[in-house]
Amino acid sequence: MSITLAVGTQVAIASTYGSAVTMSALTNAAEAVATLAGGHSVVVGDYLELTSGWDLVNGRIARVKAVSTNDITLESIDTRRYPTGTGTGSIRRITAWTTLSQITANISVSGGEQQFADITSLTDQTQKQIPTTRSPVQVTLPVYDDPALAWYATVRSASESATAAAVRMTFPNSSKLVANAYWSLQQVPTIEDSTLRATVNLSFVADPTRYAT
C-alpha cells in the first residue's frame with residue numbers, strides 16, 4: 001500500500017504555446033507514435049496539446065517519451081481501439097507553465113462518474129446495465145485572493161477568452177496529472193476567516209493523463 005500526503009501539491013496553467021505543427025500520421029499502438037512536419041522543435045519531456053480526427057484523442061495533453069527525427073512517441077496515449085488512418089491533425093507544444101500560488105487545502109473534484117444505460121429485457125429477473133458516458137470532470141481551486149499574484153493575469157485571460165488551457169498537477173510523490181480545461185476565475189472575492197478568497201474552476205474538455213513521475 002502506498003499513501004501520498006497532499007501537502008506540497010502544485011497546480012500550474014500552460015501560459016505559452018508554440019505554433020501548431022501538422023501531424024500527418026498517428027499510429028494505432030499502446031503508446032501512439034505521431035509523425036510531425038519538419039522543424040517541429042519537439043524534444044523528450046515536452047507536453048503537447050493534441051488536435052486529432054479521433055474524438056477521444058482530440059484535445060488531450062500528452063508528454064513526449066521519445067523523438068526520432070519527425071516521429072514522436074506519446075507517453076501513455078493508447079490508440080489501439082481507434083480506426084486506422086483517421087487520427088491525423090496537429091500538435092501545439094506547451095513552452096511555459098505558470099504555477100498557481102496561495103491555493104487553500106480545500107481543493108474539490110466532482111464528476112467523472114460512469115453513466116449506464118438500462119438494458120433490462122422483459123424476461124430478466126435482475127436488471128442489467130451497460131456503461132455509456134462519464135459525467136464531466138470539474139475541479140475547484142479555492143485561493144487567497146490577490147490580483148497582483150504572478151498567475152492571476154494568465155488565469156483571468158483564459159477565463160475571459162473561454163479558451164481551453166492545459167493544467168498540470170504535480171503531487172509530492174512526483175506523479176503528475178495533465179489535462180486540457182476551460183478555466184473560470186471568480187473575480188469578486190468572498191470573505192472567510194477575515195481573509196479575502198477567490199475561486200478558480202476548471203472543466204476538463206478531454207480525458208486527463210496520469211504519469212507516475
**OP:** Could you tell me what % of all Cα pairs in the range 160-212 have separations over 14 Å?
**Re:** 62 percent
Original post:
What translational diffusion coefficient, in µm²/s and rounded to a whole number, does the Stokes-Einstein relation yield for the range 99-211 at 25 °C and a viscosity of 0.890 mPa s, taking the hydrodynamic radius as the Kirkwood radius over Cα pairs?
Top reply: 150 µm²/s
Original post:
Given 20 °C and 1.002 mPa s, how large is the Stokes-Einstein diffusion coefficient of the chain in µm²/s, with Rh as the Kirkwood radius over Cα pairs?
Top reply: 112 µm²/s
Original post:
³J(HN,Hα) across the range 20-30 via Karplus (A = 6.51, B = -1.76, C = 1.60, θ = phi - 60°), whole Hz, x for Gly/Pro?
Top reply: 5, 10, 5, 10, 7, 7, 8, 7, 8, 7, 4
Original post:
What are the ³J(HN,Hα) values, in whole Hz, obtained from phi via the Karplus relation 6.51 cos²θ - 1.76 cosθ + 1.60 with θ = phi - 60°, for each residue of the range 32-43 in sequence order, with x given for Gly and Pro?
Top reply: 5, 10, 9, 9, 9, 5, x, x, 6, 6, 6, 10
Original post:
Which distance in nm do the two modelled labels at residue 150 and residue 105 give, with both placed 7 Å along the Cα-to-Cβ direction?
Top reply: 2.5 nm
Original post:
Is the shape of the range 38-157 rounded, prolate or oblate, going by the alpha carbon gyration tensor and its root eigenvalues a ≥ b ≥ c, with a/c under 1.5 for rounded and a/b larger than b/c for prolate?
Top reply: oblate
**OP:** May I ask you to sort 192, 31 by Cβ crowding, counting other Cβ atoms within 10 Å and putting the fewest first?
**Re:** 192, 31
Original post:
For the chain, which span is the longest to avoid every loop-located (per DSSP) member of trypsin sites (Lys or Arg not before Pro) having at most 16 other Cβ atoms inside 10 Å?
Top reply: 129-213
Original post:
Can you give the Kirkwood hydrodynamic radius of the range 15-96 from its Cα pairs, in Å with one decimal?
Top reply: 12.2 Å
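A short reminder: the numbers here are calculations on the coordinates, not readings from a lab. Every value quoted in this text rests on a predicted model; they were computed, and no experiment measured them. Positions of Cβ are generated from backbone atoms using ideal geometry, with glycine treated the same way; all protein chains shown enter the neighbour counts.
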